[in-house]
Amino acid sequence: MSNNDNPQPTGELTIQTIAMPADTNANGDIFGGWLVSQMDLAAGITAKHRTPGRVVTVAIDSIIFHKPVNVGDIVGCYSKLVTTGRTSMTIDISVWTVTAITHVQQLVAQGRFIYVAIDESGRPRPVAPI
Ligand SMILES: CC(C)(COP(=O)(O)OP(=O)(O)OC[C@H]1O[C@@H](n2cnc3c(N)ncnc32)[C@H](O)[C@@H]1OP(=O)(O)O)[C@@H](O)C(=O)NCCC(=O)NCCS
């Protein structure tokens, strides 16, 4: 069996939680906005680890939802700092679930978040380069 038959998460497990009934949409699946907020939190944690102090999301470059998430699934956000600019950090987040019933692990979403380090006045401040 090749690795492609059993893909595994890469990056650092930054947030792990369980999808709850309160997080569902009208279809009964988990609401995409809830998942985006988990991804944004994970990217924010990675940005703060890189550059302690205030950081903000300036852009979400892309998000892809590959599969629906169901109530009871274990949701893990894996983070990878891709690059830094003068004041910005680009962070890739992939979301993997372990399904409640079958315990299958699968990639459900991916996104790229840009964070900016800011000072007390909300102005961009330098980050250390990779
Ligand atoms: C983030 C913020 C401080 C940046 O201020 P700004 O005046 O645009 O600052 P700059 O033009 O100097 O850009 C700062 C960095 O952000 C990057 N940036 C700005 N807009 C961007 C965009 N749309 N996409 C990607 N990167 C962007 C710049 O390239 C720059 O990166 P670098 O220093 O590494 O080269 C300001 O836009 C802001 O406060 N936005 C609101 C953030 C927020 O509230 N987020 C939460 C939303 S709920």
Only residues in the range 50-70 that are among the aliphatic types (A, V, I, L, M) count as the first member; pair them with residues that are open to solvent by 60 Å² or more (accessible area, probe 1.4 Å), Cβ under 7 angstrom, at least 6 apart or cross-chain, and list the lot. V55/K48; I64/Q110
Check on Y78, touching a residue at least 60 places away in the same chain (Cβ under 8 Å), within 16 Å of the ligand (Cβ to nearest atom) and in contact with a Ser or Thr (Cβ under 8 Å, 6 or more places away or on another chain): no
Taking the range 81-130, which residues are among the polar types (S, T, N, Q), in a loop (DSSP other than H, G, I, E, B) and more than 9 Å from the ligand (Cβ to nearest atom)? T99, T102, S121
Considering only the range 36-80, state which residues are assigned to a helix (DSSP H, G or I), open to solvent by 40 Å² or more (accessible area, probe 1.4 Å) and not hydrophobic (A, V, I, L, M, F, W, C). S37, D40, K48, H49, R50
Modelled with pLDDT of 95 or more, among the hydroxyl-bearing types (S, T, Y) and open to solvent by 40 Å² or more (accessible area, probe 1.4 Å), is that true of T10? no
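The values are calculated or read from the model by the stated rules, or taken from the named source; none is laboratory data. It should be emphasised that the depicted structure is a prediction, and the values quoted were computed from it without experimental measurement. Glycine also receives a Cβ, built like all others from the backbone with ideal geometry; neighbour counts cover every protein chain displayed. Note: accessible area is taken over every heavy atom of the protein model, side chains too, but ligands, DNA and RNA are not part of it. Shrake-Rupley method; radii C 1.70, N 1.55, O 1.52, S 1.80 Å.
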